[in-house]
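Visitor: Have a look at the structure that comes next, please.
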Amino acid sequence: MKVSTEWLSDYISLDGVNVEELAEQITRSGIEIDSIENRNQGVTNVVVGFVKSKEKHPDADKLNICIVDAGQEEELQIVCGAKNVAAGQKVPVALVGAKLPGGLEIKKAKLRGVLSQGMICSAKELGLNDKLLPKEQQEGILVLPEDVEIGTPITSLLGLDDKVLDFDLTPNRSDCLSMIGAAYEVGAILSRDVKLPQPELADTGVLAKERVQVKIDASELCSRYAVRYIAGVKIGPSPLWMQNRLMAAGIRPISNIVDITNYVMLEYGQPLHAFDADKIAGGTLGVRQAKAGEKLVTLDGQERELEAGTLLIVDGEDRPVALAGVMGGLETEVTEQTVNIVLESAKFAGGSVRRTSRTLGLRSEASQRFEKEVDPAAVIPALDRAAALMAVHAGGQVAQGIVEIVHREPEEKVIALSLQKLNDYLGTDISSLEAKAILGRLRFECAGAEDVIEVRVPTRRGDITRDVDLIEEVARLYGYDNIPTTMIEGITTAGGYTKPQALRRTIRTLLTHGGWQEVMGYSFIREGVSAKFPQLGEGDREIRLAMPMSEDRSVLRGSLLPGMIDIAVYNRNRKQDNLALFEIGGIFRTEEAKLTKQPSELPVIGLLLTGDRTEKRWNAPAEKVDFFDLKGALESLFEYLGLADRISYEADRPQGFHPGRSASVFLNGTAGKERIGTLGQLHPELQREMDLEDTYAAELRLEPLYRYAGEAYVYQELPRYPAMQRDIAVVVGTEVEAGALIRTIRETAGELLESVEVFDVFTGAKLGEGKMSVALSLVYRHMERTLTDEEVAAVHDRVVAGLSQTFEAELRK
Amino acid sequence: MKERLEALKAEALKELAETVDAGHLNDLRVKYLGKKGALTEILRGMGSLSAEERPVIGQVGNEVRAAIEAVIEEKQANFQRQETEARLAAEKVDVTLPGRPLKQGSIHPLNQVIQEIEDIFIGMGYRVAEGPEVETDYHNFEALNLPKDHPARDMQDSFYLTEELLMRTQTSPVQVRTMEAMQGEVPVKIICPGRVFRRDDDDATHSFQFHQIEGLVVGKRIRMSDLKGTLLEFTRKMFGPNTQIRLRPSFFPFTEPSVEVDVTCMKCGGDGCRVCKQSGWLEILGSGMVHPRVLEMSGYDPEEYSGFAFGMGVERIAMLKYGVDDIRYFYNNDLRFLQQFARV
């Protein structure tokens, strides 16, 4: 809401007030002032002049020589190029020495040999906003009304000595969508009185109800509908001062009738609508809801098909003539030929107006105000005010009386405010007297005892419904700076993370210190890509946004991997080829085709690895990552979380992965073995499709890890007796898994075996087709004594026998 | 015999003097002093000497041995020194060549900021509460005092999945869920970090997905002055001990009174600069006293309990903290950007 301070001072004295300081005060007490606009963009020494004569310039077709009386000692000769300049006009004249916006300074000059002692100005040259000018003023010089006095400074005539405050209103402060509302707010801040307009209305002669009838068939959506009848208006421009104020508020002047409805809307916050009375069939206006498919051509010339329920104004033949509170109809619009006016002022329900305005994509100054609920007590004063202005500025005869239907009279709320609660709530020590004084500044009547104040809230402040709202009013005018700074009293609480939160953070730290980079993807991905990695969500349905902003971000992610692959591609396109990425985040799962409840959100971790493990350096060659870099990272993670003994890997052929280079990861919990995720190389076809090098990825559910991680640990005694190491190399079929060998070794060796590690694996022609050699290092130890060679030999022989029995393994010598 | 010993000594010393390597030196030790060496050989003839001669010759023999040994030892020490020097010279490295790095990733800068804020509030006795990204209309709006036809509930502004389910537009529903779960118990003292979604076109300062951290305290006699004190404490820990805060009245449906909180610009310390648009202040928090309707709906009697809530945008804080001028950097995940945060 743009608030002209010149206009504002109609209602409140701004004597001695610095506008910049006022703006700061308003901001600090509740309404942010976005900007202060100086309407004078740099105009000095421009006055009203009278064009006494106009002659063609002898040497220039497009120039005229004007003799102008600008109230100076002598008449001025001014060369003017505007097409529309004519003798007998009053025009703005920039005198020699005048300055214009943009820094132009007017000097005595010769134009094609003819002396020019000034300049006749266009509206634009005076710094007026093009968009707000009436059409006829957008080109050529600005022609002023005939009755203005010669020599008057143009700045005062055009209201340029004005500063405009831009109120950035929060949704609750729609009371300040009016000059009077703004005046109350400023009055509260400055502790000054507010003076309301007192329309002097001479409604005489014919009775309005003999000319127009009203009815309401939607009383829930319209609590009051009032009209006045104004006869014999003469359409023309509105007075200059009114045009100036409308322009200051950002509204384009159109004609006296339209300008008056806009002016009063800005003044009271009550939108009005003027109908051409003679075009209303049956002389009746009704309020009802639309039936589906009804149509109306609105003021902007567009035919609009209406949804059922849209609130309408209809004529005596039940045909729509206006969208209630949003926009009038073209057919009943006020035109230059209009003689009689029906002026409407009503209270429409905000929700209804908002729906209409949203559905039709039509936002107007009126709808904006109705949406936020107008002050029901302003309906009649605004109507009277506008009617009175039409009598004065459009020569109309206001018919006797208001024709109206009232379903609900406005009521003022009375709210009890406990002083104790006020101070407990704010942490202040405000006295009853102080509180009442502040409320008094807002023009809220106070009564009641010392400790409980009975506050009567004016209807213009619909946002105030309970005591805390009053506490806010007191607080903001008392000043938030004056509220003390304290710390919470009462019980001390222990802060902290839950176990999953703490573990999540631990995992992040561990991985980043291991060289992995955390990334953060979007929760929305392309349709269909989650299906490439269905491992964690078999049987899941994709969850689609009702109105996605783009197809790339149209469904909720069911896997982190598609997003991480996109990130890998993005980086590879920027020559970042060596990537070790992880992301911890939620994936969304549902089996419902159409959601009826929230999907489950699973915390998961994704890892992606590609490129070189070690980059080429002066002392080392580059080495490509492989499956075991990824697996090693997971193993370290599980080890760190204390889960190593619970985890197992099984070769698997999960979708999206290389069938020979991927595995499922299992966790052995109290309820048995459960599959928690997948790791492996991406399927070569997928890699090709995404233009990726060999890329390894894993995705694991975190909840099972959180459940078992960090279990209580008791230290293991350090060995006091030496160990004996025996290495063994066996030749087995290539299909035999190292894990199976180790399992057999552990089973056959028994308790004396402390550890077994694979330290070499190779295949080769020497071994024969389908054979491989696996070398293992076995460590034997007894915790209570030194083992003898014989003991170890016996166990070791058993191991070898076990291997040869189970795998037809041959011992390599 | 004495002459033979002297001759042996002279010969040995001469040969030793000419020795230039450790291997030859050892050969000479064997040759002269070994079990089958020349000295032993000569001394073996001692048996034929008289009892008077024997000690005399014995002593000469010892002297010869000592003399040869002394030279050998000295030589040996010399050789060792030379060897060490040669080795040191050979092993010299160019210390200006780069070392092998410990590879470091970084925690995503947004998570770094979240963790930093979490740490501060945990230190002040807060728990960290989290909730779902897909919310019910009730928890996201209704329970926060945003009535059905509130503009923020428009399809145009939020990502709906169905009529009743949407991507949360704020982390406030976590506050509601926490209060519901606590069933009227106090004190409630939580912060809620998380991602939220709004239908904004992405540009340098907008992202349809972003992060918030909200805080909520509910208890007996929680005052607005406590809110001020808490936020002052937080901002000083976050932005430095000289930080000031300023409260400006504002409006949020779920708080009353509602305030916007400005902090002293961390770039200029309040003097005014480009970052704070010359005002000296940066708006970073929205907050207020929990609206009684919100307390009521979540099972707390507003006549008995009060509370405050606050919220901030993680991206905004990260952008201010690191001087990042485009929010999209956080979601592009360009390694050249992310790796800059692999530091304390």
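The values are calculated or read from the model by the stated rules, or taken from the named source; none is laboratory data. Worth saying up front: this structure is predicted, and the values here are computed from it rather than measured. Methodologically, a virtual Cβ is constructed for each residue, glycine included, from the backbone with ideal geometry; neighbour enumeration extends over all protein chains shown.
Visitor: Got a number for residues in the range B:20-57 being under 60 Å from the mean Cα position of the chain (by Cα) and either of a type in the set (D, E) or surrounded by 12 or more Cβ atoms within 10 Å (Cβ to Cβ) (or both)?
Guide: We begin by selecting, within the range B:20-57, every residue under 60 Å from the mean Cα position of the chain (by Cα); these are B:20-26.
With the extra rule that they be either of a type in the set (D, E) or surrounded by 12 or more Cβ atoms within 10 Å (Cβ to Cβ) (or both), the set shrinks to B:21-22, B:24-26.
Result for the range B:20-57: 5.
Visitor: Let me ask you something else. Looking at B:A89, B:A70 in this structure, which one is at pLDDT 90 or above and under 30 Å from B:L5 (Cα atoms)?
Guide: Working: B:A89 fails: under 30 Å from B:L5 (Cα atoms).
Checking each option against the conditions leaves just B:A70.
Visitor: Hey, could you check the range B:258-267 for residues that are under 15 Å from B:K321 (Cβ atoms) and either within 14 Å of chain A (Cβ to nearest Cβ) or modelled with pLDDT of 90 or more (or both) and say which is surrounded by the most Cβ atoms within 10 Å (Cβ to Cβ)?
Guide: Step one: list which residues in the range B:258-267 are under 15 Å from B:K321 (Cβ atoms), which gives B:263-267.
Keeping just the survivors that are either within 14 Å of chain A (Cβ to nearest Cβ) or modelled with pLDDT of 90 or more (or both) gives B:263-265.
Values: B:V263: 25, B:T264: 22, B:C265: 23.
Step by step, filter the range B:258-267, then rank; the result is B:V263.
Visitor: Across the range A:1-32, what is the number of residues that are without any contact (Cβ under 8 Å) to a residue 12 or more places away in the chain and charged (D, E, K, R)?
Guide: Qualifying residue count for the region: 3.
Visitor: Consider A:Q598 against the criteria (1) at the interface with chain B (Cβ under 10 Å from one of its Cβ atoms); (2) under 27 Å from the mean Cα position of the chain (by Cα); (3) touching a residue at least 40 places away in the same chain (Cβ under 8 Å): it satisfies all of them except one. Which criterion is unmet?
Guide: It is condition (3) that A:Q598 fails.
Visitor: For the range A:146-176, give me the residue count where each residue is surrounded by fewer than 22 Cβ atoms within 10 Å (Cβ to Cβ), touching a Gly at 6+ places or on another chain (Cβ under 6 Å) and not β-branched (V, I, T).
Guide: Of the residues in the range A:146-176, 1 are surrounded by fewer than 22 Cβ atoms within 10 Å (Cβ to Cβ), touching a Gly at 6+ places or on another chain (Cβ under 6 Å) and not β-branched (V, I, T).
Visitor: Something else about it: Within the range A:535-578, take every residue that is without any contact (Cβ under 8 Å) to a residue 40 or more places away in the chain and aliphatic (A, V, I, L, M) and give me the one that is surrounded by the most Cβ atoms within 10 Å (Cβ to Cβ).
Guide: Looking at residues that are without any contact (Cβ under 8 Å) to a residue 40 or more places away in the chain and aliphatic (A, V, I, L, M), I get A:V555.
Visitor: Picking from A:G490, A:G528, A:G521, which residue would you name as being more than 10 Å from every other protein chain (Cβ to nearest Cβ) and among the small types (G, A, S)? Break it down stepwise before answering.
Guide: On the way: A:G490 fails: more than 10 Å from every other protein chain (Cβ to nearest Cβ); A:G521 fails: more than 10 Å from every other protein chain (Cβ to nearest Cβ).
Answer to the check: A:G528.
Visitor: Sort out which residues of the range A:600-642 are within 18 Å of A:E703 (Cα to Cα), assigned to a loop (DSSP other than H, G, I, E, B) and touching an Asp or Glu at 6+ places or on another chain (Cβ under 8 Å), and write them in order of number.
Guide: If the condition is that a residue be within 18 Å of A:E703 (Cα to Cα), assigned to a loop (DSSP other than H, G, I, E, B) and touching an Asp or Glu at 6+ places or on another chain (Cβ under 8 Å), then A:G642 is the only one that fits.
Visitor: Let me ask another. Considering only residues that are more than 7 Å from chain A (Cβ to nearest Cβ), in contact (Cβ under 8 Å) with a residue 12 or more places away in the chain and within 19 Å of the chain's Cα centre (by Cα), which ones fall in the range B:104-138?
Guide: Of everything in the range B:104-138, those that are more than 7 Å from chain A (Cβ to nearest Cβ), in contact (Cβ under 8 Å) with a residue 12 or more places away in the chain and within 19 Å of the chain's Cα centre (by Cα) turn out to be B:P109, B:Q112, B:V113, B:I114, B:E116, B:I117, B:E118, B:I120.
Visitor: Would you check if B:D157 is of a type in the set (D, E) and more than 10 Å from chain A (Cβ to nearest Cβ)?
Guide: Values: of a type in the set (D, E): yes; more than 10 Å from chain A (Cβ to nearest Cβ): yes.
When the stated conditions are applied, B:D157 passes them.
Visitor: A further question on this structure: What number of residues within the range B:295-313 are part of a helix (DSSP H, G or I) and either without any contact (Cβ under 8 Å) to a residue 12 or more places away in the chain or more than 11 Å from chain A (Cβ to nearest Cβ) (or both)? Steps first, please.
Guide: Of all residues in the range B:295-313, those part of a helix (DSSP H, G or I) come to B:295-297.
If we keep only those that are either without any contact (Cβ under 8 Å) to a residue 12 or more places away in the chain or more than 11 Å from chain A (Cβ to nearest Cβ) (or both) as well, we get B:296-297.
The qualifying residues number 2.
Visitor: Given the criteria within 25 Å of B:L110 (Cα to Cα), of a type in the set (S, T, Y) and buried (at least 21 other Cβ atoms within 10 Å of the Cβ), does B:T255 qualify? Explain how you work it out, then say what you get.
Guide: Working: within 25 Å of B:L110 (Cα to Cα): no; of a type in the set (S, T, Y): yes; buried (at least 21 other Cβ atoms within 10 Å of the Cβ): yes.
No.
Visitor: Let me ask something else about it. Condition check: over 26 Å from B:F234 (Cβ atoms), touching a Gly at 6+ places or on another chain (Cβ under 7 Å) and either within 9 Å of another protein chain (Cβ to nearest Cβ) or of a type outside the set (A, V, I, L, M, F, W, C) (or both). Does A:R476 satisfy that? Even if it seems obvious, please write down each step before you answer.
Guide: On the way: over 26 Å from B:F234 (Cβ atoms): no; touching a Gly at 6+ places or on another chain (Cβ under 7 Å): yes; either within 9 Å of another protein chain (Cβ to nearest Cβ) or of a type outside the set (A, V, I, L, M, F, W, C) (or both): yes.
Criteria not met by A:R476.
Visitor: So which residues in the range A:1-28 are closer than 27 Å to A:Q368 by Cα and either of a type in the set (G, A, S) or in a loop (DSSP other than H, G, I, E, B) (or both), if there are any at all?
Guide: A:M1, A:S4, A:S9, A:D10, A:Y11, A:I12, A:A23
Visitor: If you don't mind, another one. State whether one or more residues within the range A:546-566 are assigned to a helix (DSSP H, G or I), modelled with pLDDT under 95, more than 32 Å from the chain's Cα centre (by Cα) and farther than 17 Å from B:E135 by Cα.
Guide: The answer is no, given that none of the residues of the range A:546-566 is assigned to a helix (DSSP H, G or I), modelled with pLDDT under 95, more than 32 Å from the chain's Cα centre (by Cα) and farther than 17 Å from B:E135 by Cα.
Visitor: Looking at the range B:324-339, I want the residues that are within 11 Å of chain A (Cβ to nearest Cβ) and have a partner that is among the charged types (D, E, K, R) with Cβ atoms under 7 Å, at least 6 apart or on another chain. Which pairs are those?
Guide: The qualifying pairs are B:F330/B:E315; B:D334/A:R574.
Visitor: Looking at the range B:9-45, which of its residues are hydrophobic (A, V, I, L, M, F, W, C), touching a residue at least 40 places away in the same chain (Cβ under 8 Å) and over 24 Å from B:R81 (Cβ atoms)?
Guide: Result: B:I42, single match.
Visitor: Then there's this: Output the number of residues of the range A:579-594 satisfying the condition of being crowded, with 17+ Cβ neighbours inside 10 Å and facing chain B (nearest Cβ under 9 Å).
Guide: Residues of the range A:579-594 that are crowded, with 17+ Cβ neighbours inside 10 Å, as a first pass: A:579-590.
The next check asks that each one be facing chain B (nearest Cβ under 9 Å); those that pass are A:579-586, A:588.
Final tally of qualifying residues: 9.
Visitor: When the range A:33-71 is examined, which residues are found to be free of Cβ contacts under 8 Å to residues at least 24 places away in the same chain and in contact with a Leu (Cβ under 9 Å, 6 or more places away or on another chain)?
Guide: Keep residues of the range A:33-71 that are free of Cβ contacts under 8 Å to residues at least 24 places away in the same chain, which gives A:55-56, A:61-62, A:64, A:67.
Passing the criteria: A:K56, A:I67.
Visitor: To continue, here is another question. When residues of the range A:345-374 are filtered for being within 11 Å of chain B (Cβ to nearest Cβ), in a loop (DSSP other than H, G, I, E, B) and β-branched (V, I, T), how many remain?
Guide: Of the residues in the range A:345-374, 0 are within 11 Å of chain B (Cβ to nearest Cβ), in a loop (DSSP other than H, G, I, E, B) and β-branched (V, I, T).
Visitor: Is the range B:46-65 home to any residue that is within 12 Å of B:A12 (Cβ to Cβ), out of contact with any Phe, Trp or Tyr (no Cβ under 8 Å at 6 or more places or on another chain) and not in a helix (DSSP H, G or I)?
Guide: Quick first cut of the range B:46-65, residues within 12 Å of B:A12 (Cβ to Cβ) only: B:64-65.
From what is left, the residues that are out of contact with any Phe, Trp or Tyr (no Cβ under 8 Å at 6 or more places or on another chain) are B:64-65.
So of that shortlist, the ones also not in a helix (DSSP H, G or I) come out as none.
There is no residue in the range B:46-65 that is within 12 Å of B:A12 (Cβ to Cβ), out of contact with any Phe, Trp or Tyr (no Cβ under 8 Å at 6 or more places or on another chain) and not in a helix (DSSP H, G or I).
Visitor: Given the criteria over 22 Å from A:G181 (Cβ atoms) and of a type in the set (A, V, I, L, M), does A:A475 qualify? I'd like the intermediate steps shown before the answer.
Guide: Working: over 22 Å from A:G181 (Cβ atoms): no; of a type in the set (A, V, I, L, M): yes.
Taking the combined requirement at face value, the residue does not satisfy it.
Visitor: What about B:P249, is it farther than 29 Å from B:D325 by Cβ, at pLDDT below 95 and crowded, with 23+ Cβ neighbours inside 10 Å?
Guide: Details: farther than 29 Å from B:D325 by Cβ: yes; at pLDDT below 95: yes; crowded, with 23+ Cβ neighbours inside 10 Å: yes.
Considered against the rule, which asks whether it is farther than 29 Å from B:D325 by Cβ, at pLDDT below 95 and crowded, with 23+ Cβ neighbours inside 10 Å, B:P249 comes out as yes.
Visitor: Regarding A:I230, is this residue within 14 Å of another protein chain (Cβ to nearest Cβ) and farther than 22 Å from A:E373 by Cα?
Guide: On the way: within 14 Å of another protein chain (Cβ to nearest Cβ): no; farther than 22 Å from A:E373 by Cα: yes.
So A:I230 fails the test.
Visitor: Determine if the range B:185-199 includes at least one residue that is within 11 Å of another protein chain (Cβ to nearest Cβ), assigned to a loop (DSSP other than H, G, I, E, B), within 29 Å of B:Q115 (Cβ to Cβ) and hydrophobic (A, V, I, L, M, F, W, C).
Guide: Yes, there is a match, as at least one residue in the range B:185-199 is within 11 Å of another protein chain (Cβ to nearest Cβ), assigned to a loop (DSSP other than H, G, I, E, B), within 29 Å of B:Q115 (Cβ to Cβ) and hydrophobic (A, V, I, L, M, F, W, C).
Visitor: Taking interchain pairs and intrachain pairs at least six residues apart, which have beta carbon atoms under 8 angstrom, with the first residue in the range A:429-455 and farther than 10 Å from A:L417 by Cα and without any contact (Cβ under 8 Å) to a residue 12 or more places away in the chain and the second surrounded by fewer than 20 Cβ atoms within 10 Å (Cβ to Cβ) and polar (S, T, N, Q)?
Guide: Taking only residues 6 or more apart or on different chains, the pairs are A:D429/A:N423.
Residues are listed down the side, and each one gets a yes or a no for (1) surrounded by 12 or more Cβ atoms within 10 Å (Cβ to Cβ); (2) under 18 Å from A:D727 (Cβ atoms):
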{"residue": "A:D760", "(1), (2)": "no, yes"}
{"residue": "A:G764", "(1), (2)": "no, no"}
{"residue": "A:K771", "(1), (2)": "yes, no"}
{"residue": "A:L776", "(1), (2)": "yes, yes"}
{"residue": "A:V779", "(1), (2)": "yes, yes"}
{"residue": "A:T788", "(1), (2)": "no, no"}
{"residue": "A:S804", "(1), (2)": "yes, yes"}
{"residue": "A:E808", "(1), (2)": "yes, no"}
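Visitor: List pairs: first residue in the range A:677-703 and under 14 Å from A:K624 (Cβ atoms), second residue aromatic (F, W, Y) and not in a helix (DSSP H, G or I) anywhere in the structure, Cβ distance under 8 angstrom, at least six positions apart or on different chains.
Guide: A:Q681/A:F657; A:Q681/A:Y696
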